Amino acid sequence: MRYMVLLYNCDWSPEGSAEYAAKRDAVLDYVAMLRERGVFRGADPLQGAHAATTVRVRDGERLVTDGPFAESHEWLAGYFLLECRDLDEALELAAACPMASDAGVEVRPVRAVPGWYDPADRLREVLAE
Amino acid sequence: MTPRRAHGGVADGDGPERGSGPADRYARAAAALHQTFSAHRARLLAGLVHRFNDFEVAEDALADALEAAMRHWPKDGTPDDPVAWLLTVARRRGLDRLRRVEAKQERARQSLADAATTARELNPAGVGDVEWQSGLTALGDERLALVFTCCHPALSLSARVALTLQAVCGLTAADVGRVFLMSEAAMAQRLVRAKRRVRDTGITFAVPSEAALPERLNSVLAVIYTMFTNGYVRGGRDDQLVQPALCAEAVRVAKLLAVLMPDEPEVLGLAALLLLQHSRRATRTSPDGDLVTLEHQDRTQWDRDDIEEGLRLLRAAARRTQPGTYQIQAAIAAEHARAPSAEATDWVVIAELYAGLEELDPSPVVALNRAVALAMATTPQAGLELLARITGLERYHPYHVARAELLHRTGDTVSARDAFVRALNLVTNAVEERHLQSRLAALD
């Protein structure tokens, strides 16, 4: 089962600081561990809410507003995409994430939809050709 | 119609005194089905949830199998191995359901393949034509996995309790609703949501891996303990102090867990604790329904078998020398169980056990109990001093009751009355309210 581990409200120390370097190294180690276990399917940090732009299309008309979709104190800071055996493994890996000690971490299963685009399937197709 | 010998041999003892008309055959089949189902329901359900990894499919499949049994058993005779019969039919019906409902989904495809293989192995030519292996051996014991699934910490505590009561204990949605003071419809809805959450979050139907075991086991123990205290303290109805059926179910699950996990000291500790508490069930209320406190209970009416079993489990737990909160609470209950009278209770030991419990798991409620035990072991003043240091129990009526009783013992009737009144303002259980009113009246 594929799980998305969503990270909320990550506080990073300023770039160049020792704390920043330590956290970055911890995250790189974490990703290396995920790859080694064969569960890593992707991850990205996101720019903060200050960089968010919201688009709505209503009656065919495009409406662009600055700022995030939902005004909230919670902001999505990044994600990991993991292929896990079950919820227990997903929770174990989410808890091992270096951001778990200060950020909010939410684990959500990816919904299985028949015929849905799957990068792994695409890769298999390419390899088969 | 002659029953097929392979599986349909009519049960032994089918003597001439027994009727053979359709109504008799129907009644016999119904009785056999009832007996099989009530003895093996949890294992059947557990085996099916394990097979299909989906509560709803498993339950529907089991219901289909019961219905099929009532169509086939009266005319074909009760099968030699009714459990195997039900299991095989339920697997096929579950398979049919999966085929219809979820044919496109990967998980369903896997279950289908697995189940088809098993069905072929078990029954290559169709129901009734094979030598049946023992149903229970084939089934294995998936009940432990069922308990762990129902008690996964990713479910809310109340959802865990509700699901356990339904899936493990076999209560109907209406009965579970009664426990939570909810309508059957609302509870059925809540149970469906819990089962879908199990499916959609990817909670696997299995005993957890070693890494996850401590947390998962804690959750299981908390669910059983909550189930018991719900029955013991709150009761399903406000005017009834003890809801014995709920307590009995909790004891049953705790004992089952102790059989299935005999190497986990806290599992044994919890079973011991519940048995020892449960042994007093007949004496906690008077025939008029009034509360009887521990010191006034008729100890000859305590259930000796429960006490013996509780003490035995506690000894087995203690041999592992890994103390835990349930074992310590069981040890406290054991002190009460061993004391021939209230006066002969060893309060010094109990106060020490509470101190140990507070160290392991500090909470204001434990501090309250320790204060009372210390007061009993020494003087009311010593207990009152400890009580004065506790914060966070201002809205907890037992705190005010304890203060009132200790103040009463020091002779400070005025303060005792104030404390009883504060307790009365907080109490919600009618039985306890009557008890406090009589205590208050006795001060005059």
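Mind listing the phi-derived Karplus ³J(HN,Hα) values for region A:15-31, rounded to whole Hz, using 6.51, -1.76 and 1.60 with θ = phi - 60°, and x for any glycine or proline?
Each residue of region A:15-31 in turn: 4, x, 6, 5, 4, 4, 4, 5, 5, 4, 4, 4, 5, 5, 4, 4, 5 Hz.
Roughly what would the spin-label model give for A:Ala128 and A:Thr54, points 7 Å off Cα along C-beta, in nm?
4.3
Along the charge dipole of the protein assembly as shown, pointing to its positive end and built from +1/-1 on Cβ of Lys, Arg, Asp and Glu, which listed residue (B:Met187, B:Val365, B:Thr300) has its Cα farthest out?
B:Met187
Under a Cβ-only charge scheme (Lys and Arg +1, Asp and Glu -1), can you give me the dipole magnitude of region B:142-261 about the Cα centre, in debye to the nearest 20?
The calculation lands at about 200 debye.
Can you list which of the GluC sites (Glu not before Pro) found in region B:336-404 are DSSP loop residues with at most 12 other C-beta atoms within 10 Å?
Answer in residue order: B:Glu343, B:Glu394.
In whole Hz and in residue order, list the ³J(HN,Hα) couplings for region A:94-102 that follow from phi through the Karplus curve 6.51 cos²θ - 1.76 cosθ + 1.60, θ = phi - 60°; x for Gly and Pro.
5, 5, 7, 5, x, 7, 5, 6, 10
Two decimals, Cα atoms only, Kirkwood Rh: what is Rg/Rh over region B:265-334?
Taking Rh as the inverse mean 1/r over Cα pairs, Rg/Rh reads 1.06.
Compare A:Pro14, A:Pro109, A:Pro45 in a GNM of chain A, Cα atoms joined below 10 Å, and give the one with the largest fluctuation.
A:Pro14
Stokes-Einstein at 25 °C, 0.890 mPa s, Kirkwood radius from Cα pairs: D for region B:208-318 in µm² s⁻¹?
Rounded to a whole number, D works out at 167 µm²/s.
How high is the relative contact order of chain A, in percent, counting Cα pairs under 8 Å that sit 6 or more residues apart?
Relative contact order comes out at 43 percent.
To the nearest 100 Å², how much accessible surface do chains B and A cover up together, summed over both, with a 1.4 Å probe?
800
Give the shape of region B:394-444 as rounded, prolate or oblate, defined through the alpha-carbon gyration tensor: a ≥ b ≥ c are the square roots of its eigenvalues, a/c under 1.5 means rounded, and otherwise the shape is prolate if a/b is larger than b/c and oblate if not.
oblate
Treat every Asp and Glu Cβ in the protein assembly as shown as -1 and every Lys and Arg Cβ as +1, leave all other atoms uncharged, and give the resulting dipole magnitude about the Cα centre to the nearest 20 debye.
The calculated dipole for the protein assembly as shown is roughly 1360 debye.
Just the accessible area for B:Glu184, please: 1.4 Å probe, Å², rounded to the nearest 10?
110
Give me, ordered by chain and number, the residues 5 or more places off A:Ala77 or on other chains with an amide H under 5 Å from its own placed amide H.
Placed amide hydrogens put A:Leu7, A:Tyr8, A:Asn9, A:Cys10 under 5 Å from A:Ala77.
Once each part is reduced to its C-alpha centroid, what is the distance from region B:164-201 to region B:349-401 in angstrom?
Each part reduced to its Cα centre gives a spacing of 37 Å.
Along its principal axes, what span do the Cα atoms of the protein assembly as shown show, with the longest given first and each in whole Å?
Cα extents, longest axis first: 93, 92, 54 Å.
Explain nothing, just compute: Karplus ³J(HN,Hα) = 6.51 cos²θ - 1.76 cosθ + 1.60, θ = phi - 60°, for every residue of region B:209-217 in order, whole Hz, x for Gly and Pro.
Couplings: 5, 4, 4, 8, 4, x, 5, 5, 5 Hz.
If each Cα of chain A is one equal point scatterer, what is log10 of I(q)/I(0) from the Debye formula at q = 0.09, 0.13 Å⁻¹?
Values, matching the q order: -0.35, -0.71.
Using 0.36 nm per residue of separation minus the Cα-Cα distance, give me the extension gain between B:Gln35 and B:Thr428 in nm, one decimal.
137.5 nm
Compute the convex hull volume of the Cα atoms of region B:142-261, divide it by the residue count, and report the result per residue in Å³ as a whole number. Write out the running numbers ahead of the final one.
Working: hull volume 10.5 nm³, N = 120.
Value for region B:142-261: 88 Å³ per residue.
Once neighbouring chains are kept in place and the probe is 1.4 Å, which whole percent of the accessible area of region B:394-444 is contributed by carbon and sulfur?
Working: 1310 of 2730 Å².
C and S atoms contribute 48 percent here.
Taking a spot 7 Å from the Cα of B:Ala63 along the direction of its beta carbon, which residues of region B:154-178 have an amide N less than 12 Å from it?
Answer for this model: B:173.
For every helix of n ≥ 4 consecutive DSSP H residues, a contribution of -39,500 (n - 2.57) applies; sum these over the protein assembly as shown, divide by its total residues, and give [θ] at 222 nm rounded to the nearest 500 deg cm²/dmol.
Computed ellipticity for the protein assembly as shown at 222 nm equals -19000 deg cm²/dmol.
Label-point separation (nm) for A:Ser13 and B:Thr293, each offset 7 Å from Cα along Cα-to-Cβ?
About 5.7 nm separates the two model spin labels.
Note the full-extension length gain between B:Asp24 and B:Glu359 as 0.36 nm times their separation in residues minus their Cα-Cα distance, in nm to one decimal.
114.2 nm
Over region B:394-444, what relative contact order in percent results from Cα pairs under 8 Å that are six or more residues apart?
Reported relative contact order: 35 percent.
Go through region B:191-207 and flag every residue whose accessible area shrinks by 40 Å² or more with all protein chains in place compared to the isolated chain (probe 1.4 Å).
Buried-area filter returns B:Thr201, B:Gly202, B:Thr204.
Tally the DSSP beta bridges in the protein assembly as shown and give the antiparallel ones as a percent, rounded to 5.
100
Got a sec? Charge dipole of the protein assembly as shown, +1 on Cβ for Lys and Arg, -1 for Asp and Glu; which of B:Thr229, B:Ala68, B:His152 is way out at the positive end?
Checked the options; the winner is B:Ala68.
Rounded to the nearest 20 debye, what is the charge dipole size of region B:265-334 about its Cα centre when +1 sits on each Lys and Arg Cβ and -1 on each Asp and Glu Cβ?
That gives region B:265-334 a dipole magnitude of about 380 debye.
The values are calculated or read from the model by the stated rules, or taken from the named source; none is laboratory data. Just so we're clear, the structure is a prediction, and the values are computed from it rather than from any experiment. For neighbour counting, all protein chains shown are included, and Cβ atoms are generated from backbone atoms with ideal geometry for every residue, glycine included. Keep in mind that these areas ignore ligands, DNA and RNA; they rest on the heavy atoms of the full protein, side chains included. Shrake-Rupley method; radii C 1.70, N 1.55, O 1.52, S 1.80 Å.
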